[in-house]
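Since the structure comes first, as structure tokens, the remarks are kept for the end.
All of the numbers you see were taken from the coordinates with simple rules; none came from a lab. All figures in this text were calculated on a predicted structure; none of them were measured in a lab. Positions of Cβ are backbone-derived with ideal geometry, glycine not excepted, and every protein chain shown enters the neighbour counts.
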Amino acid sequence: MKNILECHNLTKKYGQKTALDNISLSIETGKITGLLGPNGSGKTTLIKIASGILSADGGEILAGENKIGTESKKIISYLPERPYFTPAMKVSETIKFFKDFYQDFSEDTAEEMLKKLDISPDAKIRTLSKGTREKVQLVLVMSRKAKLYLLDEPMGGVDPAARDFILKTILKNYNENAGIIISTHLISDVEKVLDDVIFIKNGHMVLHKSVDEIRSEKGKSVDALFREVFAC
Amino acid sequence: MLGKLIKYDLKAGIHIMIPAYIFIILCTVFSRITNIVSGMLSGSLKHIINFLFIVSTFILILSIMATCVITLVWTVLRYRNNLLRDEGYLMHTLPVTTVNLYFSKIITAIIFFLADTAVIIFSVILSGIPKEYGINWEYIKNALTTFHYGAKEYGINGNIYIAAIIIVIFTALYMSVSQLFASLNIGYSIPFGKGASRDLISIAVYIVTYIIMQVVMFMIIFIPVLIADFDIENETEMLKYTQTFLFVEIAAMVFFSVIYSLVSIKLMQKKLNLE
């Protein structure tokens, strides 16, 4: 399988603090990879560098053989943990916005998903609850036929039913030509959809294995292994 | 892609600016009507209508000032919120260059400032004031012709002079907006502090850069006058100097504009901090 994301000796510092320390990893297409680690481990930093929000201080990162820039952003669909639409925008306007800027965006898919969620296209973003805004963002991100999906805490702050919807949406839009990276703390919820997991601790990668390998070698779930590796 | 970015920036601003422009026009119309009607009446009714005319004119002047302030505030807030805060997670991950993101905001700001000017000029014409003072197209044409002949007598090209003034206006507009944006980018590139402290730092940066710019401009423009020992009472010498001064001023403003723009773009490319 081809690699959709490659990091070689990637380093990022915030002043004196090293958020990522010479990280090297590869993410294959067609796989759902969990990026797991405690708070401040570097997960979000890695995702932000891959999405183009941050620039690395050292090393190299390639997405689909492109350096991070305009070309990589065409193939990467990024969901941050923050709401990012102008509050005055209507849901229908956000759809038009994505359609205008992303050639791989499917308006029909987005409208169908929003209809199922009973979210009115005329509703303004500012009138929606936090959970509903996150659902709108997720729907738009997953309505793109991207090569790489970067989902940063997609299930943070939403109810269990919404989490199930999010996982179903991710699986429904999953295809063999794309890679998905999910950064999350809710490991037990997301474990069932993961193919591979990466553990990050203090800016270092401490583990990169498939879920099946972990279960067969360690005889435990990813959640249990996580608690063991990152025990306080 | 730049066109699409400008489209969305204009759409975001139009919801605020259009009502302001409509209010200005309505105030102007009301003011004009009360002025005309007041002239046709007598007695206490005339005083009442005249009072309405004064109040509406006062509101009109306030609304013009408010619109200019709103345009400035909206320009700053749009740039800050859209590129330096949470909305930046969307904007900086679009398949567009940072340069395009930046120039979209600059161009939109200039369009709205020019729209403000156009609405104000239209309001002045609609108010009937120019007509009262005999200012019409013929008057303006005659004034320009007189200016050209006068300039020629002093050895100055009137067309170039006027073109230079127009370029100064646009360059000053670009420089002012780019200075605001650079101050915001510097304030928001610091790795600590929350929104309010970054805003305060941005304001402080703006004040400092404004003072530095004014000092530099003063030195560029007025020191040559002192060194060359111009005869200030010699009209020809002073007019020739002001023509040169305009081009020097343009060059200085272009220099500052380039610096401010580069600072903003480089900081967004290398030191973007949306946290």
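Please tell me the relative contact order of chain B in percent, rounded to the nearest whole number, where contacts are Cα pairs under 8 Å and at least six residues apart.
23
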Backbone HN-Hα couplings from phi across the range A:102-112 [Karplus 6.51/-1.76/1.60, Hz, Gly and Pro as x]: 10, 5, 8, 7, 9, 5, 5, 4, 5, 5, 5
Give the calculated FRET efficiency between B:Phe147 and A:Thr70 to the nearest 0.05, with a Förster radius of 45 Å applied to their Cβ-Cβ distance. 0.35
In whole angstrom, how far apart do the alpha carbon centroids of the range B:58-137 and the range A:121-136 sit? 29
Value of relative contact order over the range A:132-183, rounded to a whole percent, pairs C-alpha under 8 Å and six or more apart: 50
Ordered by residue, what ³J(HN,Hα) values in Hz, to whole numbers, does the range A:26-31 give under the Karplus form 6.51 cos²θ - 1.76 cosθ + 1.60, where θ = phi - 60° and Gly and Pro are x? 9, 10, 7, 5, x, 10
Between the modelled labels at B:Met1 and B:Ile169 (7 Å from Cα along Cα→Cβ) the distance in nm is 3.4
Tell me which GluC sites (Glu not before Pro) from the range A:142-232 have a DSSP coil assignment and no more than 14 other beta carbons within 10 Å of their own. A:Glu176
Within 10 Å of each Cβ of A:11-18, how many other protein chain Cβ atoms are there on average? 1
Summarise the partner chain shielding of B:81-94 as one whole number: the mean count of Cβ atoms from other chains within 10 Å of each residue's Cβ. 6
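How high is the relative contact order of the range A:1-124, in percent, with contacts defined as C-alpha pairs under 8 Å that are six or more residues apart?
Working: 147 pairs, mean separation 26.4, N = 124.
Reported relative contact order: 21 percent.
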222 nm mean residue ellipticity, helices alone, for the protein assembly as shown (DSSP H n ≥ 4; -39,500 (n - 2.57); rounded to 500): -20500 deg cm²/dmol
Between B:Ala66 and B:Met40, what is the label-to-label distance in nm when each label sits 7 Å out along the Cα-to-Cβ direction? 2.9
Hz values of 3J(HN,Hα) by residue in the range B:159-174 - Karplus curve (6.51, -1.76, 1.60), Gly and Pro given as x: 5, 5, 4, 5, 4, 5, 5, 5, 5, 4, 4, 5, 5, 5, 5, 4
Stretch B:Phe122-B:Ile18 to full length: gain in nm at 0.36 nm per residue minus the Cα-Cα span? 36.0 nm
With a cut-off of 20 Å, note down the residues of the range B:57-92 whose backbone N falls inside the zone around a label point 7 Å from the Cα of B:Lys270 toward its beta carbon. B:84, B:92
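How far, in nm, would the chain grow between B:Leu262 and B:Met219 when pulled straight, counting 0.36 nm per residue and subtracting the alpha carbon separation?
Extra length available between B:Leu262 and B:Met219 comes to 13.1 nm.
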Restricting attention to the range A:1-90, which trypsin sites (Lys or Arg not before Pro) occupy a DSSP loop and are surrounded by at most 12 other Cβ atoms within 10 Å? A:Lys2
